[in-house]
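In what follows, a single structure is set out as structure tokens and then discussed.
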Amino acid sequence: NCTVCCCTLANKIFMVLFMVLLIFAILFGNLVTLAVVLGTKHFKTSQGYLKASLAVADLAVGIFVVPLSVYAEISLMLTDSAPEWTSYNSQLVSFHPCNVIGPIFAGCTLVSITTIFLLTIERSIAVLRPLHKDSVITRKRTMILIVLSWVGSFFLAVSPMVFSNEIALEYNSCSRMCNYALGTIGEFPSQAWNILLLFPAFDFTLLGGTVVINIISLSSIRQHSRRRKHLAESECQSTSKPTFSDIKAAKTIGTLTVAFTASFTPIAVFVVGNVLGNKWCNFSFFAFWILASNSCWNVIIYSVRDQK
């Protein structure tokens, strides 16, 4: 298919260069995040472990998802024929690369959303209930939640193939990625329609809750800042108030939420439109790669918002 990314040789070269640079940006940024979080005692906290989990999910996109697209596109550009597996879906063979890469991308996306939600909960407790922070937020509870988020996210990622034999995985010629698709030709089955809509429904439920909690936390921070201007210095340092570090971290998580919501929204629009029968080939390319690019934004947000 002739899409905006690959109608000409120049567009193809630009697309491959973008993918390669994205791989390096994802690997470098998230390896730095892991090195800082896991290699510094100051960051070995519940918030640090959640950020490490987010970095691992982003790393998986840079290690597994994007390189497969680079391989397929370079093969197509150099030999004028894409790898054979790009021409059929996962239902036609015993093993298809997208059987692995597709769930990895979907699962890591869900892990990222769940982790941002958990980060928001952790920061809201630190801001709204600073005296209870240490007793409620513990490393053990955080690790349990991280494990549950990974297990639940990847279960949801493979559920379309588990619960419907109409859904397969294929290398999509529009998005240039492994995507969920109909395994058979014909009218869209209602069961598959409902299963595919689980993704945007789950994601926007969590993102909506995250936005609401962030608004409550940031409103509390704003009120605290106003009170601090009118109180004496001794009262400002009361232990019942959130610390400057907690406030800074809460604002950083708010920025992460906005960035991820903006990057995921095009995918949700595309999924709903696809379910309704719209192909939107060019739009699907930008939607999927905007989401993939989000995997290198977290470390940039950390660097800008919390340089210490």
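The values are calculated or read from the model by the stated rules, or taken from the named source; none is laboratory data. Quick caveat, the model's predicted, so the values are computed rather than measured. So basically every Cβ, Gly included, is an ideal-geometry build from the backbone, and we count neighbours across all protein chains shown. What goes into the accessible areas is simple: the full protein's heavy atoms, side chains included, and nothing from ligands, DNA or RNA. Shrake-Rupley method; radii C 1.70, N 1.55, O 1.52, S 1.80 Å.
Meeting the requirement of 1 or more residues that are under 18 Å from the mean Cα position of the chain (by Cα) and within 19 Å of Trp289 (Cα to Cα), the helices (runs of 4 or more DSSP H) wholly within segment 34-140 are 46-60, 66-79, 98-128. In segment 137-165, of all residues being open to solvent by 90 Å² or more (accessible area, probe 1.4 Å) and not β-branched (Val, Ile, Thr), the one that is farthest from Thr45 (Cα to Cα) corresponds to Asn165.
Which fully enclosed helices (runs of 4 or more DSSP H) of segment 196-308 have 2 or more residues being open to solvent by less than 30 Å² (accessible area, probe 1.4 Å) and at pLDDT 85 or above? So that I can check it myself, show each step before the final result.
Working: elements: 198-230, 233-236, 244-275, 281-293, 297-305.
Counting at least 2 such residues, we get 198-230, 244-275, 281-293.
Listed by first and then second residue, the pairs linking a residue in segment 40-53 that is under 14 Å from Ala249 (Cα atoms) to a residue that is in a loop (DSSP other than H, G, I, E, B) and modelled with pLDDT of 90 or more, with Cβ atoms under 8 Å apart and 6 or more places separating them unless they lie on different chains, form an empty list. Report yes if some residue within segment 114-123 is open to solvent by 10 Å² or more (accessible area, probe 1.4 Å), aliphatic (A, V, I, L, M), over 29 Å from Phe24 (Cβ atoms) and modelled with pLDDT of 90 or more; otherwise report no. Scanning segment 114-123 turns up at least one residue that is open to solvent by 10 Å² or more (accessible area, probe 1.4 Å), aliphatic (A, V, I, L, M), over 29 Å from Phe24 (Cβ atoms) and modelled with pLDDT of 90 or more. Which members of segment 74-88 meet the condition of being surrounded by fewer than 20 Cβ atoms within 10 Å (Cβ to Cβ) and either in contact (Cβ under 8 Å) with a residue 12 or more places away in the chain or closer than 14 Å to Arg176 by Cα (or both)? Across segment 74-88, the qualifying residues are Ile74, Ser75, Leu76, Met77, Ala82, Pro83, Trp85, Ser87, Tyr88.
Out of Phe14, Phe18, Phe28, Phe43, which single residue is open to solvent by 50 Å² or more (accessible area, probe 1.4 Å) and closer than 21 Å to Trp150 by Cβ? Steps first, answer last, please.
Values: Phe14 fails: closer than 21 Å to Trp150 by Cβ; Phe18 fails: closer than 21 Å to Trp150 by Cβ; Phe28 fails: closer than 21 Å to Trp150 by Cβ.
Testing whether each residue is open to solvent by 50 Å² or more (accessible area, probe 1.4 Å) and closer than 21 Å to Trp150 by Cβ leaves just Phe43.
Every listed requirement among (1) within 23 Å of the chain's Cα centre (by Cα); (2) in a helix (DSSP H, G or I); (3) crowded, with 19+ Cβ neighbours inside 10 Å is met by Tyr171 save one, (2).
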